[in-house]
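Notes follow the structure.
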Amino acid sequence: MKPRWLNLLLIATLGLTACSEAPPQVHRAKLFTLGTLVDVSVLHQDEAVAQQAVTIVETELATINRQWHAWHDSPLTLINQQLAQGETVTIDSATHHFIQQAQTLATNSDQLFNPTIGSLVEQWGFHSDERPDGAPPAKERIDAALKQAPSMANITLTATTLTSNNPAVQFDFGAFGKGYAIDRAVEQLKRAGIKNAIVNAGGDLRAIGSKGGRPWRIGVRHPTEAGVIASIEIDGDESIFTSGNYERFFDFDGRRYHHIIDPRNGYPANDAISVTVIHHNAATADAAATALFIAGTTQWPQIAKQMGIDEVMLIGNDLTIYMTRKMAQRIRLEIDDAQIKIIGNET
Ligand code: AMP
Ligand code: MG
């Protein structure tokens, strides 16, 4: 048995070590990938470790961006060509995992999150690095695309193959890929021993740990004005994603057409202007924000329930703010005179 004085000495030494360590610093880096500016914050004492963490994030996001790019030549555009020709696509386990997760989310959203409507998104002009500047597509073209009714239900997956029984399936993972990439980056950070970090891709983010013992504080952009409409504190491991009609759009003949397409009618969904979702998993939060945006002011509670989402804020065209009770309990609105409706999370 150790003498008591040795225990005391050990405790004193440990105390000294803890005191002499430099407090962790926030290291920030900006990267351009996933079509947006990505802000990475890592909290660590050691600058070299933080730098290494940023490189890990950069590599992971760039790899997924290259793999799943919907309009630059990519493995995804190759898959789309093969599916259009009715071919069986050979896939690896990462692709299997990616498509399987998207398929589950599509099913749970009643196919409102429908990553097979790439042809429609392209018709609307959003398969471009530039803002579309023409007229909206003719109604006949939209109706023809709708008639083909592509959905994730057309897809059959095995561990090594992917097939579609509908040649109109054209994948576009713009509503989900960013979340998936952030999840992968955060997994890699955790594996590298990072406990406190944020990966923020243009306001959509996942945060782990805290900012030196204080929660991370996140602003949610106001959908119609400069500045933030609300702020949320995160302490632990959570993702916040927002889908809004202000992100990608064009104006024609005095009307605005944006990039979130309602697969039921082929037109930009017009019953909400933004939706913010909090969920542990970033890919789920990403797909859900898009699906709930399309679901709109009356259907979002049902779709949220089906997708297992507890924390939602939806802003309607008249700026009414709809929230679940759980969201209302933690969000801090930064505006006055808001009209608020609390729906769901019955107590
Ligand atoms: P987000 O900003 O996450 O809501 O994603 C919007 C992007 O997802 C668009 O730019 C399209 O690439 C794609 N998209 C549009 N409509 C849908 C839809 N109904 N389901 C899945 N992806 C969609
Ligand atoms: Mg999304």
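Taking Thr116 as the residue in question, decide whether it is within 18 Å of the chain's Cα centre (by Cα) and crowded, with 19+ Cβ neighbours inside 10 Å. So Thr116 passes the test.
Residues that are open to solvent by 30 Å² or more (accessible area, probe 1.4 Å) and assigned to a loop (DSSP other than H, G, I, E, B) within segment 70-86 comprise Trp71, His72, Asp73, Gln85, Gly86, listed in sequence order. Restricting attention to segment 32-69 and to residues that are in a loop (DSSP other than H, G, I, E, B) and buried (at least 21 other Cβ atoms within 10 Å of the Cβ), the residue that is modelled with the highest pLDDT turns out to be Trp68.
Any residue at all in segment 91-99 that's within 16 Å of ligand 2 (Cβ to nearest atom), assigned to a helix (DSSP H, G or I) and open to solvent by 60 Å² or more (accessible area, probe 1.4 Å)? No, segment 91-99 has no match at all. Within segment 168-207, the set of residues being within 12 Å of ligand 2 (Cβ to nearest atom), in contact (Cβ under 8 Å) with a residue 60 or more places away in the chain and surrounded by fewer than 22 Cβ atoms within 10 Å (Cβ to Cβ) comprises just one member, Gly202. The single residue among Ala168, Ala145 that is more than 26 Å from Met327 (Cα to Cα) and away from ligand 1 (no atom under 14 Å from the Cβ) turns out to be Ala168.
Among the conditions (1) of a type in the set (Gly, Ala, Ser); (2) open to solvent by less than 10 Å² (accessible area, probe 1.4 Å); (3) touching a strand residue (DSSP E or B) at 6+ places or on another chain (Cβ under 6 Å), Ala269 misses just one, which is (3).
The values are calculated or read from the model by the stated rules, or taken from the named source; none is laboratory data. Just so you know, these numbers come straight off a predicted model, no measurement behind them. Note that we place each Cβ from the backbone using ideal geometry, even for glycine, and neighbour counts take in every protein chain shown. SASA here: full protein model, heavy atoms, side chains in, ligands and nucleic acids out. Shrake-Rupley method; radii C 1.70, N 1.55, O 1.52, S 1.80 Å.
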